[in-house]
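First the structure, in the form of structure tokens, and then the observations on it.
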Amino acid sequence: MSDALRELATGTTLWLMLVGVVAGIVIGALPGLTATMGVALLVPFTFWLPTLPALMVLLGVYVGAMYGGAIPAVLIRTPGTPAAAATSLDGYPLAQAGKAGLAIGISCITGVVGGVFSTLVLMFAAPQVARFALKFGPAEYFALAVFGLSVIASLSERTLLKGALMGVCGLLLATIGMDPITAVPRFTFGLPPLLEGLALVPVLVGVFALGEVLYQSGLPEPDRSLLRQIGRVFPSRKDYKRITLPTLLASITGTLIGALPGVGGDVAAFVAYDQAKKVSRHPEQFGNGSVEGLAAAECANNSVTGGAMIPMLTLGIPGDAVTAVILGALLMHGVRPGPDLFEKQTHLLSAIFVGLLVANLLVLPVGLAGAKLFAQTVRAPRCYLFPLIVVLCVVGSYAINNSLFDVGVMFLFGVAGWLLRRAGLPIAPLVLGLILGRMTEENFRRALILSGGSWGIFAERPLCATLLLLAVASVGFSVWQSRRGGQRD
């Protein structure tokens with residue numbers, strides 16, 4: 001470990017890591033330019049670098065982009081990355097209340113805490129967590145998806161019935177594309193771009209960003225004096241007390257979910273958000289500017305970074321799309337993740353551990369120093385801000401697949417988001433249903449195939465049964481909590 005620290009302490013490596021962090025924040029802050037795209041774009045430029053500096057640049061981009069996605073989510077209700085969708089639920093109301101600086105500050109601090117926690121777990125418990133993740137089969141993944149869908153009960157802004165309706169709509173949208181088992185096209189209407197299903201980023205950008213622009217355009221110009229109140233960046237002692245427990249829970253949740261291959265930060269953020277609402281003394285504030293909800297969502301989002309590295313380094317199985325790209329970069333540099341990495345290349349492994357930790361720590365000064373600069377966005381008049389948002393929406397949607405079809409999808413869902421806002425229907429359950437729909441269907445059908453059509457597989461496997469029971473308990477608790485708060489279906 002000391003050798004790794006000495007090697008990382010060289011000026012060149014640290015500067016490259018800092019450049020990676022700043023580049024990642026910028027990429028994450030641009031709607032549609034996800035962490036995956038940022039890492040993938042920089043991989044070719046690392047061919048001419050030694051192995052360790054190349055990896056440090058990529059890790060810096062990864063960590064920076066996960067935080068950067070929170071900036072537009074807070075300021076303009078536009079998730080910079082899919083995982084930041086939950087951040088916008090409370091971050092944007094805080095910005096509208098003149099607390100944009102505080103929202104960005106909490107996002108930065110809790111994100112760093114989550115990233116450092118998951119990195120420490122990676123350093124000291126990676127093999128054990130990887131063995132736990134290997135216990136997940138199709139039945140367990142289905143149960144995990146159902147547990148994630150139970151969050152809809154907490155995300156329902158007005159009634160559980162409306163939230164459930166929007167969740168079902170999201171699940172139906174997830175069926176568009178090739179059947180995951182038989183590869184038969186479904187609901188594609190003869191359009192080749194729909195064979196792979198709806199691209200998530202254009203949908204998110206449409207319903208959250210363009211939909212908000214259309215909705216706000218029909219409202220009177222807000223009081224500019226309130227928007228000038230960017231406020232303090234650092235949380236008060238009272239804020240720290242309120243966000244401590246949600247941050248701790250979200251760190252654990254994000255790390256564990258991140259260690260499950262193919263799940264990702266968007267699921268972790270929504271699950272952690274639901275947990276924070278259940279343990280909060282003020283659940284009625286969630287969705288209206290709760291610092292607890294913001295802290296939980298952003299902490300879990302960033303905790304995924306270390307968690308996703310666990311199966312990638314120990315088993316050679318990427319935990320998410322970003323680590324899949326990093327895995328390719330490792331292979332191109334002659335590094336093969338797996339048991340041999342832990343036995344024969346401990347020096348490089350230690351450097352990766354320390355590098356990921358340092359990258360997370362570098363986000364703190366960069367994020368806090370730039371918080372007030374980022375928050376200046378909310379001061380711009382609508383006549384300048386809204387056209388800029390629309391341009392970013394178009395560029396971000398097109399950049400995913402270089403497809404004008406995705407731009408059309410973004411505009412379609414932008415109109416849908418506007419109509420949903422006007423009708424008072426919650427948007428978050430729709431997004432969550434779309435995110436988890438394919439995972440739910442695919443693993444449900446695979447589990448039944450493995451069991452010969454017997455539904456008993458979901459009760460016979462202890463981990464699966466536990467997750468399903470937790471899902472039922474989660475919905476029951478949300479119903480009780482909403483009735484206690486005077487919100488009736």
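Every number here is computed from the coordinates shown, using simple stated rules; none is lab data. The structure presented is a predicted model; accordingly, all values stated were derived computationally and were not measured. Positions of Cβ are backbone-derived with ideal geometry, glycine not excepted, and every protein chain shown enters the neighbour counts.
Using R₀ = 45 Å, calculate the FRET efficiency as 1/(1 + (r/R₀)^6) where r is the Cβ-Cβ separation of Thr182 and Thr12; round to 0.05. Numbers along the way, then the final one.
Working: r = 52 Å, r/R0 = 1.17.
Here the calculated transfer efficiency is 0.30.
So what's Rg/Rh here for region 142-195, counting alpha carbon atoms and using the Kirkwood radius for Rh?
1.11
Using each residue's phi in region 273-282, evaluate 6.51 cos²θ - 1.76 cosθ + 1.60 at θ = phi - 60° and report the 3J(HN,Hα) Karplus result to the nearest Hz, with x for Gly and Pro.
Rounded to whole hertz, the list is 4, 5, 4, 4, 5, 6, 9, 6, 7, 10.
I need the phi-derived Karplus couplings for region 348-354: 6.51 cos²θ - 1.76 cosθ + 1.60, θ = phi - 60°, integer Hz, Gly and Pro marked x.
Going residue by residue, I get 5, 4, 4, 5, 5, 4, 5 Hz, with x marking Gly and Pro.
Of Gly355, Ala471, Thr51, which is farthest along the charge dipole of region 2-484 in the positive direction, counting Lys and Arg as +1 and Asp and Glu as -1 at C-beta?
My answer, from the dipole projection, is Ala471.
Using +1 at the Cβ of each Lys and Arg and -1 at the Cβ of each Asp and Glu in the chain, identify which of Tyr67, Pro426, Val322 lies farthest towards the dipole's positive end.
Positive-end residue among those listed: Pro426.
List, in the order given, every pair from Lys162/Lys241; Lys238/Lys277; Lys99/Lys238; Lys241/Lys278; Lys277/Lys372 whose Cα-Cα distance in the structure shown is over 23 Å.
As for pairs spanning more than 23 Å Cα to Cα, those are Lys162/Lys241; Lys277/Lys372.
Multiplying the sequence separation of Val472 and Leu191 by 0.36 nm and subtracting their Cα-Cα distance, what value in nm do you get? If you can, show how the numbers build up before the last one.
Numbers: separation 281, 0.36 × 281 = 101.16 nm, distance 3.84 nm.
This chain segment gains 97.3 nm when fully extended.
Quick check: net charge around Ala297, other residues with Cβ under 13 Å of its Cβ, Lys/Arg +1 and Asp/Glu -1? Numbers along the way, then the final one.
On the way: positive: Lys277; negative: Asp90, Asp266, Asp274, Glu292, Glu298.
Around Ala297, the charge tally is -4.
Which whole-Hz couplings ³J(HN,Hα) result when phi for each residue of region 245-256 is put into the Karplus expression 6.51 cos²θ - 1.76 cosθ + 1.60, θ = phi - 60°, listed in order with x for Gly and Pro?
Once rounded to whole Hz, the list reads 5, x, 5, 5, 4, 5, 4, 5, 4, x, 5, 5.
At 7 Å along Cα-to-Cβ for each site, give me the label-to-label distance between Leu412 and Asn288 in nm.
So the two model labels end up 3.6 nm from each other.
Pull up all non-local amide H partners of Arg186: gap of 5 or more, or a different chain, and H-to-H distance under 5 Å with H placed in the peptide plane.
Gly177, Met178, Asp179
Assign unit charges at the C-beta atoms only (+1 for Lys and Arg, -1 for Asp and Glu), then state the dipole size of region 2-484 relative to its Cα centre in Debye, rounded to the nearest 20. Spell out each step's value before the answer.
Values: 31 positive and 23 negative charges, 246 e Å.
With only Lys, Arg, Asp and Glu charged at Cβ, the dipole is about 1180 debye.
Sorted by packing (mean other beta-carbon atoms within 10 Å per residue), highest first, where do 232-243, 467-478 land? Kindly include the intermediate steps, with their values, before the conclusion.
Working: 232-243: 15.2, 467-478: 17.4.
Highest to lowest by the protection proxy: 467-478, 232-243.
Report relative contact order for region 2-484 in percent, whole number only (criteria: Cα-Cα under 8 Å, sequence separation at least 6). Please list the in-between numbers first.
Values: 969 pairs, mean separation 137.8, N = 483.
Relative CO of region 2-484 lands at 29 percent.
Taking the Cα centre of region 49-183 as the origin, how large is its charge dipole in debye, to the nearest 20, when only Lys and Arg (+1) and Asp and Glu (-1) carry charge on their Cβ atoms? Walk me through the intermediate numbers first.
Details: 6 positive and 4 negative charges, 34 e Å.
Here the size comes out at about 160 debye.
Only four residue types carry charge here, +1 at the Cβ of Lys and Arg and -1 at the Cβ of Asp and Glu. Report the dipole size of region 339-447 about the Cα centre in Debye, rounded to the nearest 20. Before the final figure, lay out the partial values.
Details: 9 positive and 5 negative charges, 108 e Å.
About 520 debye.
With the Cα gyration tensor of region 86-215 giving a ≥ b ≥ c as the square roots of its eigenvalues, does the rule (a/c under 1.5 for rounded; else a/b larger than b/c for prolate; else oblate) give rounded, prolate or oblate? Intermediate values should be presented prior to the final figure.
Values: a/c = 1.88, a/b = 1.10, b/c = 1.72.
Since a/c reaches 1.5 but b/c is at least a/b, the shape of region 86-215 is classed as oblate.
Per DSSP H run of n ≥ 4, the term is -39500 (n - 2.57); total these for the chain, divide by its residue number, and report the mean residue ellipticity at 222 nm rounded to 500 deg cm²/dmol.
Numbers: 25 runs with 347 residues, N = 489.
Theoretical 222 nm ellipticity from helices: -23000 deg cm²/dmol.
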